[in-house]
Amino acid sequence: MVSIRLENLHKDFGGSVVAVDNLSLTFDEGSTTCLLGPSGCGKTTLMRMIAGLETQTSGRIFFDDLDVTKLKTRKRDLGMVFQYPVVYQGTTIRQNIGIPLRRENMTTAEKNERVDEILDLLGLSDVANTDVGNLDYATKQKVAVARAISRRPPIVLFDEPITNVDLTAKLQLKLVLKELFTKLKQTVLYVTHDQTEAMTLADKIALMRDGRVEQLASPRELYTNSQSVFAGRFLGNPGMNFLGKNDSSEIIAQLLGNRYTEQVSSVGFRPEDVVVSADQTPGAVPAEIEHVAIVTGGQHLVTLKSGVRIVKAKLPWHVPFTKTDGEHVWWSVPETKVRAFDSAEQLVPSGAVAVGS
Ligand code: ATP
């Protein structure tokens, strides 16, 4: 197991296109980190530099204490899986998995044992002797994964490996990959723009924006303790509700209580933390129901309108909700669930804004 450490890693493609912006951070050994972010934020460029497929403009890359910045890809001892499955045509699944082992210092028996083990891990034992030309897309990708890990490289890089797979196969592949990551404990970097995939697979998510890592944290931490407006908005379906000081200062003051200071520019709260009631409760805000929908998981997603402000509430499926469009209700959010952000759209730490601090 090895860690991946980036030291001021930077890549620009000339002019103003900065793909990776002076990154310094460490991906822990034996952990799975998903690089998550919108299109163009630099995920693939970062991964390609770690793989040695792209030359950095400046900065250094270390695998543990080894400086690999100038090493060619084949000297970096990596496995790689791409968006499109790479398999060797005209061979069977078993042969495909065995190819990377050809030059390994192992006996034939050891190689066979390794291939059997990988076949088993990926649930491919029953089809081991099938020609890869006869496989569906998802199984081909499984073979590509199997080949990437058969040598047991300490680092494996995945670039959107299940983006093109159909939904049913996607769920199955996610389970297989999760099991694989847990069992093999390789250091895995996994590029995706799909937050559900990242939430399912990652020990940590590196949320990227404009070539920088906005937040590196466990999926739960990233969701419940979003450190910026961007993180709050990007994660969740729908993302956090935000109210700005310009048009909602009274509501913000109400929601934050004594945490409201000059430093606060907006507040955010998750739709599932919004409490909707038919009657007025202390501190609640009046609203008209604009729309009610049932979403995945059976929850009610209620769109509320308070003046010009729109607030989304996601209500638990087991709590009956009979109100419909046009009816008047009250909404509130427990104070501990309300996040305060400054004018740079960064979280204002609770302690820092407490009155009298
Ligand atoms: P996507 O999810 O769409 O693949 P990404 O997050 O992986 O996006 P990158 O592909 O790394 O982002 O691109 C980061 C930035 O660098 C983008 O602005 C992209 O247009 C630019 N870029 C990437 N490769 C090149 C290149 N070879 N030449 C010029 N610009 C590039």
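Per-structure values
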{"item": "Residue within region 121-144 that is away from the ligand (no atom under 16 Å from the Cβ), in contact with an Asp or Glu (Cβ under 6 Å, 6 or more places away or on another chain) and not in a loop (DSSP other than H, G, I, E, B) present", "result": "no"}
{"item": "Residue in region 61-81 that is free of Cβ contacts under 8 Å to residues at least 60 places away in the same chain, within 16 Å of the ligand (Cβ to nearest atom), open to solvent by less than 50 Å² (accessible area, probe 1.4 Å) and not in a helix (DSSP H, G or I) present", "result": "yes"}
{"item": "Test: residue in region 268-283 that is surrounded by 15 or more Cβ atoms within 10 Å (Cβ to Cβ), assigned by TED's automatic domain parsing to the domain that holds residue 149 and over 13 Å from the mean Cα position of the chain (by Cα)", "result": "no"}
{"item": "Some residue of region 228-239 being modelled with pLDDT under 95 and among the hydroxyl-bearing types (Ser, Thr, Tyr)", "result": "no"}
{"item": "First in region 270-298 and closer than 14 Å to residue 322 by Cα, second anywhere and of a type in the set (Val, Ile, Thr) and not in a strand (DSSP E or B), Cβ under 8 Å, 6 or more apart", "result": "289/324; 292/324"}
{"item": "Residue match in region 94-114 (condition: surrounded by fewer than 17 Cβ atoms within 10 Å (Cβ to Cβ), in contact (Cβ under 8 Å) with a residue 40 or more places away in the chain and among the charged types (D, E, K, R))", "result": "yes"}
{"item": "Breaking point among (1) more than 16 Å from the ligand (Cβ to nearest atom); (2) among the β-branched types (Val, Ile, Thr); (3) modelled with pLDDT of 95 or more; (4) over 30 Å from residue 229 (Cβ atoms), for residue 86", "result": "(3)"}
{"item": "Some residue of region 252-267 being closer than 15 Å to residue 345 by Cβ, open to solvent by 10 Å² or more (accessible area, probe 1.4 Å) and part of a strand (DSSP E or B)", "result": "yes"}
{"item": "Set 15, 37: member being within 12 Å of the ligand (Cβ to nearest atom) and surrounded by fewer than 14 Cβ atoms within 10 Å (Cβ to Cβ)", "result": "15"}
{"item": "Looking only at region 40-60, and only at residues there that are within 13 Å of the ligand (Cβ to nearest atom) and among the polar types (S, T, N, Q), the one that is farthest from residue 155 (Cα to Cα)", "result": "57"}
{"item": "Residue match in region 22-34 (condition: within 12 Å of the ligand (Cβ to nearest atom), assigned by TED's automatic domain parsing to the domain that holds residue 204, surrounded by fewer than 22 Cβ atoms within 10 Å (Cβ to Cβ) and not aromatic (Phe, Trp, Tyr))", "result": "no"}
{"item": "Subset of region 1-48 [polar (S, T, N, Q) and not in a loop (DSSP other than H, G, I, E, B)]", "result": "8, 22, 24, 26, 32, 33, 44, 45"}
{"item": "Residue list for region 174-198, filter: open to solvent by 50 Å² or more (accessible area, probe 1.4 Å) and either more than 11 Å from the chain's Cα centre (by Cα) or at pLDDT 95 or above (or both)", "result": "175, 178, 179, 182, 183, 185"}
{"item": "Residue within region 148-158 that is of a type in the set (S, T, N, Q) and crowded, with 19+ Cβ neighbours inside 10 Å present", "result": "yes"}
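Residue-wise test of (1) at pLDDT 85 or above; (2) farther than 18 Å from residue 254 by Cα; (3) of a type in the set (A, V, I, L, M, F, W, C); (4) in the same structural domain as residue 272 (by TED's automatic domain parsing).
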site: 299; (1), (2), (3), (4): yes, yes, no, yes
site: 317; (1), (2), (3), (4): no, yes, yes, yes
site: 321; (1), (2), (3), (4): no, yes, yes, yes
site: 329; (1), (2), (3), (4): yes, no, yes, yes
site: 345; (1), (2), (3), (4): yes, yes, no, yes
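The values are calculated or read from the model by the stated rules, or taken from the named source; none is laboratory data. Here the structure is a predicted model, which is why all the values come from computation and not from measurement. Neighbour counts are summed over all protein chains in view; Cβ atoms, including those assigned to glycine, are modelled from backbone coordinates with ideal geometry. Each accessible area value is taken on the protein alone, full model and side chains, heavy atoms only, with ligands, DNA and RNA left out. Shrake-Rupley method; radii C 1.70, N 1.55, O 1.52, S 1.80 Å.
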